[in-house]
Structures are given as structure tokens and as C-alpha cells.
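Read-outs: derived from the displayed coordinates by stated rules, not from any lab. Predicted model, so just to flag it, every value in this text is computed and none were measured. We place every Cβ from the backbone using ideal geometry, glycine too, and count neighbours over all the protein chains shown.
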Amino acid sequence: MHKVAVVVQDGAEPFGLGAMCEVWAEPYHPEDDNPVFDFVVTTPRPGRVRGSVYDLHVDLGLDQAADADLVCVIPKRGYLEPSPEVVELVQHAHGRGAFVFAHCSAAFILGEAGLLDGKRCTTHWRHVDELAALYPEALVDGNVLYVQEDNLVTGAGSAAGLDAALHLMRQQFGSRVAATAARRIVVPPHRDGGQAQYIARPVPVCESEALAPLLAWISANLAEELTVEELARHMHMSPRTFARRFKDETGTTPYSWVLAQRVQAAEELLEQTDHSIDWIAGEVGFGNAATLRHHFGRSRGVSPVEYRRTFSQTA
């Protein structure tokens, strides 16, 4: 994925546009070395685009999206009045194998293009019934943050555009790149969307200066026996005091936090190496493949082998 084109129309929602800019339009940052994309903003009729809050000036027409690897349609007011040119663009993009991404009310564009027939999709909860009524062949799921069906991605409300975009970035470039982008935006890499979409629960976030060194040490020593008693000794606390302090500052227990880090580390090794499941289990602290399969399946909703088949970067 090299070129990303977003499409704005009159009534464009500023947060929807901003979310895509945050994920796909960032310049090179030497401290994280994430990929940089050829990012363009396009519109059916270049010039003034009336926004829902403020107007935009867009110089580029839809022809600039014709060769994009990813076409993002920004939600807009007046979503029941799709631009015929945009409908044609997404049909063409889908037909040539590009990713087509629409979140919130922009899903109606995909419905108008006939791309949702027989496909799972989602939209903002306020519009779920309307989308299903207008496009009865679409399999509308109102209980998720996002859905990917082949090269089609739909997201729920505006903020879910970030979740869907980070999912797509993770799929294409790996969890480390997606997590780095999420840290820059200051959002969790994953949110619970009501069902397992490989990530079934949010990654714990902690801003505690007191715990930060310990958390860094845990991440670097996942193969160690990381009991509450052992971690409490590192913090010079009693186990009971440590457990209470940890939960107060992270929102989760030490066991759950360590488990999440081990699963995430296993995920990265499954993506980036050809090592056996047994080797990975030992490296991240699960001890054996059966324990890794148990915890990975509960957390991600798929087995380690299935995850590697989908996301491996070594093939």
C-alpha cells in the first residue's frame, strides 16, 4: 500500500476527514520509522467544498484517486444524496482490487455502488436500520466497530474510523506499526467492538510515571516468572499493596496486564518470524504451545496458526 486517496463531498464531516489524515497523512518521523504514504484529498468538483462545520478548498479531482491503493470515502451530511461520480469511483476501485474504506454514513455510498450486496458491513448505530432497509442484500451488523470483507472496510461512527484504519494498517504492516501510529494519535491500538475481531479487549494504557519503569521491564522480560510477588519485590511493596496500586493506575490486574503483553509479543513473533509455536510460547512466557493456543484464542478469537496464515510478513 503506497497511495491513499480520500474523497470529500459537500457536507463532509471534519472529524471523519481528520481521522484519515491522522492515520494516513503523517510525514516521516525518525523516532518511529513508520511508513509514509502518498496521500491526496480529492473531490468530484475541485474548488470550494462546503463542510458540515467549515468549508474546504480542494484542488484535486477524482482522477487523482484512480490509481490509489486505498480509497477512503469521508462521511457527509446529506448521505442519502451520493455523488454519481463517487459511486463510479468506488466501483472502479473495488473492481481493480484496491481497498475501499467507508466509515459512518459513507457506507451508504458503498451500498449505492452495489458493493455491499451479500457482504457484512456496518455503519453508525443511528443509521443501521436505514442502511439495511435501503440495501436489503447487505448483511448489516450494528454490533461492531468495523467490518472487513475482502478489500471492503466499513466502520461505525466517526471515531470508529480510527479503529478501522488502525486495523487495516495492522493487517498490511503488522501490529508494531499500528501500535506506533496509535501511540502517536494517543488512542489504544484496539478497542472492544462487541465481538472478537482478532482483538477482543482493549490494550491496557498506563500513564503512571511510578509504574512506567516496571512496565518496560516486564515487556523486556516476558519469559520470566512474573508473579505478583515477584513484581511487588521490584517495586519494594507488599503484594497486596502492589496489586491494589497497579489496578488503580492501569485499570487492570497485574496478571491481566502481563497476559496481554505476552499475547501481543506472540502476535508480533507470529507475524515477523518462522519460529515454531513452541519456541514462541517459551519466548513470551507461556511455557508451552497448548497454553499459548489457549490464551491467544481467547484473546484474538483465532488460533496462532490461523493468525500467522493471515498476517505473516515472512511469506
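For the reader, a short list of remarks on this structure follows.
- Sites matching trypsin sites (Lys or Arg not before Pro) across the range 89-152 that sit in DSSP coil, with at most 15 neighbouring C-beta atoms within 10 Å: 96
- Förster-model FRET efficiency, 30 Å R0, residue 248 and residue 149, C-beta, rounded to 0.05: 0.15
- Entry note: the chain has Rg to Rh equal to 1.02, where both radii use alpha-carbon atoms and Rh is the Kirkwood radius.
- Using the average count of surrounding beta-carbon atoms within 10 Å as a protection proxy, the listed peptides 303-309, 52-58 rank, highest first, as 303-309, 52-58.
- Close amide H contacts of residue 103 (hydrogens built in the peptide plane, cut-off under 5 Å, sequence separation of 5 or more or a different chain): 73, 155.
- 222 nm mean residue ellipticity, helices alone, for the chain (DSSP H n ≥ 4; -39,500 (n - 2.57); rounded to 500): -13000 deg cm²/dmol
- Gyration tensor verdict on the range 269-315 (Cα atoms; rounded if a/c is under 1.5, prolate if a/b is larger than b/c, oblate otherwise): oblate
- Considering all different alpha carbon pairs of the range 49-89, the Kirkwood hydrodynamic radius works out to 11.8 Å.
- Considering only the Cα atoms of the range 1-120, their convex hull presents on average a projected area of 7.6 nm².
- Diagonalising the gyration tensor over the Cα atoms of the range 46-187 and scaling each eigenvalue by 5 before taking the square root yields semi-axes of 21, 20, 16 Å, largest first.
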